[in-house]
Amino acid sequence: MAPEAAAKDELRLEQRHGKARVRVARVWRQSHDGAHHFVEWNVSISLLSHCLSSYHRDDNSDIVATDTMKNTVYVKAKECGDRLSVEEFAILIGNHFCSFYPQVFTAIVNIIEKPWERVCIDGKLHLHGFKLGSEKHTVEATVQKSGALKLSSGIAGLALLKTTQSGFEGFVRDKYTILPETRERMLATEVNASWRYSYESVASIPTKGLYFSEKFMDVKKVLMETFFGPPETGVYSPSVQRTLYLMGSAVLRRFADVSSIHLKMPNIHFLPVNLSTKENPSMVKFKDDVYLPTDEPHGSIEATVSRITSKM
């Protein structure tokens, strides 16, 4: 929030305003091979600005209209003649508002990218055909008039499951505990991750085209490889907590420009099914084969892994 002292009434005001859920789609057409590239973004903008007069008096002269913010998204998308990452677009939008309007000193831009993926037909990538995937690419860029930058990328809704190589033992037992210990269970979760980049200014971000798009795919790959382990053998998970930490620390070891990562990993339960009647006591006897999928209640595990010198 933007704190500003309000001499009138001796009150303090913290304010921001913006436009949420601006949906924009952009197509880039390559002339050399006829391929189309498509993105769909959901953009939310918050501006911190000096506009106390609009709160204290009937004076809107310092307000950037939220409809103007919406229109700006479409204009800037049009102006991007070359493909760019969602991170680059968020920084571009934030930098525009801070540089174009004297009263705006900070812009916070959040974007969710829908997971449109190019389809493959008969073993060939289609030039202009796309299907909707599952997990989403998220971004938050905070840009200041000075050029200072805070940039985070993330992934939302990455559903992962393995049918073995998971257990849970040695936890606290008391009079309320009925959960049995096990070294054989199914492990399922929906990963929501957000990682903070170490770049501290707009001028310091990499100039390589689509750098952050490639980094997003690389981080997702490391998260999945750590969760599953080698394809032939897998890797044992003694708890969601341990797996979460290994996933986060693997990202930090792999990518020097990631300073911290926050992971939220609910433990989505698949419950063993045992059915019996007096006449048929073994109607369904569970042998690691038949489960009841559930989505609630579920375990809730989240943590932040960061470098000791990281600015959180």
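The values are calculated or read from the model by the stated rules, or taken from the named source; none is laboratory data. Predicted model, so just to flag it, every value in this text is computed and none were measured. When we count neighbours, we look across all protein chains shown, and the Cβ atoms used for this are built from the backbone with ideal geometry, even at glycine. When the accessible area is computed, the model is the full protein with side chains, heavy atoms only, and any ligands, DNA or RNA have been set aside. Shrake-Rupley method; radii C 1.70, N 1.55, O 1.52, S 1.80 Å.
Could you please find all residues in the range 196-207 being part of a loop (DSSP other than H, G, I, E, B), touching a strand residue (DSSP E or B) at 6+ places or on another chain (Cβ under 8 Å) and open to solvent by less than 60 Å² (accessible area, probe 1.4 Å)?
The answer is Ser198, Tyr199, Ile205.
Look at Val191 and say whether it is under 21 Å from Pro297 (Cα atoms) and outside any loop (DSSP other than H, G, I, E, B).
Spelling it out, Val191 is indeed under 21 Å from Pro297 (Cα atoms) and outside any loop (DSSP other than H, G, I, E, B).
Here's the yes/no breakdown for (1) free of Cβ contacts under 8 Å to residues at least 24 places away in the same chain; (2) surrounded by fewer than 15 Cβ atoms within 10 Å (Cβ to Cβ):
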{"site": "Trp28", "(1), (2)": "no, yes"}
{"site": "Ser31", "(1), (2)": "yes, yes"}
{"site": "Val43", "(1), (2)": "no, no"}
{"site": "Leu48", "(1), (2)": "no, no"}
{"site": "Leu52", "(1), (2)": "no, no"}
{"site": "Asp58", "(1), (2)": "yes, yes"}
{"site": "Asp62", "(1), (2)": "no, no"}
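Looking at Arg16, Arg12, Arg21, which one is without any contact (Cβ under 8 Å) to a residue 24 or more places away in the chain, within 25 Å of the chain's Cα centre (by Cα) and open to solvent by 60 Å² or more (accessible area, probe 1.4 Å)?
Every option except Arg21 fails the conditions.
Taking the range 65-99 on its own, how many of its residues are over 28 Å from His32 (Cβ atoms), open to solvent by 10 Å² or more (accessible area, probe 1.4 Å) and free of Cβ contacts under 8 Å to residues at least 60 places away in the same chain?
Summing the residues that are over 28 Å from His32 (Cβ atoms), open to solvent by 10 Å² or more (accessible area, probe 1.4 Å) and free of Cβ contacts under 8 Å to residues at least 60 places away in the same chain in the range 65-99 gives 9.
Among the residues of the range 124-149, which ones are more than 22 Å from the chain's Cα centre (by Cα) and within 21 Å of Gln30 (Cα to Cα)?
Lys124, Leu125, His126, Leu127, His128, Gly129
Report, by residue number, each residue of the range 252-267 that is open to solvent by 40 Å² or more (accessible area, probe 1.4 Å) and of a type outside the set (Gly, Ala, Ser).
If the condition is that a residue be open to solvent by 40 Å² or more (accessible area, probe 1.4 Å) and of a type outside the set (Gly, Ala, Ser), then Arg253, Arg254, His262, Lys264 are the ones that fit.
Looking only at strands (runs of 3 or more DSSP E) that fall completely inside the range 227-312, which ones have 3 or more residues that are within 18 Å of Leu179 (Cα to Cα)?
Of the strands (runs of 3 or more DSSP E) lying wholly inside the range 227-312, those with at least 3 residues that are within 18 Å of Leu179 (Cα to Cα) span 270-272, 291-293.
So, in the range 154-195, exactly how many residues are open to solvent by less than 30 Å² (accessible area, probe 1.4 Å) and polar (S, T, N, Q)?
Residues that pass the stated criteria total 2.
For the range 103-118, what are the residues that are part of a strand (DSSP E or B), surrounded by fewer than 19 Cβ atoms within 10 Å (Cβ to Cβ) and out of contact with any Ser or Thr (no Cβ under 7 Å at 6 or more places or on another chain)?
Trp116, Glu117, Arg118
Going by the conditions given, is Lys220 part of a helix (DSSP H, G or I) and under 24 Å from Leu84 (Cα atoms)?
Against the criterion (part of a helix (DSSP H, G or I) and under 24 Å from Leu84 (Cα atoms)), Lys220 qualifies.
Select the strands (runs of 3 or more DSSP E) contained entirely in the range 1-69, then report the ones holding at least 2 residues which are at pLDDT 95 or above.
Strands (runs of 3 or more DSSP E) meeting the threshold: 17-29, 36-49.
Does Ser249 satisfy being assigned by TED's automatic domain parsing to the domain that holds Met186, touching a Ser or Thr at 6+ places or on another chain (Cβ under 6 Å) and open to solvent by less than 60 Å² (accessible area, probe 1.4 Å)?
no
Counting just the residues of the range 268-289 that are more than 37 Å from the chain's Cα centre (by Cα) and of a type in the set (Val, Ile, Thr), which one comes out least open to solvent (accessible area, probe 1.4 Å)?
Selected residue: Val284.
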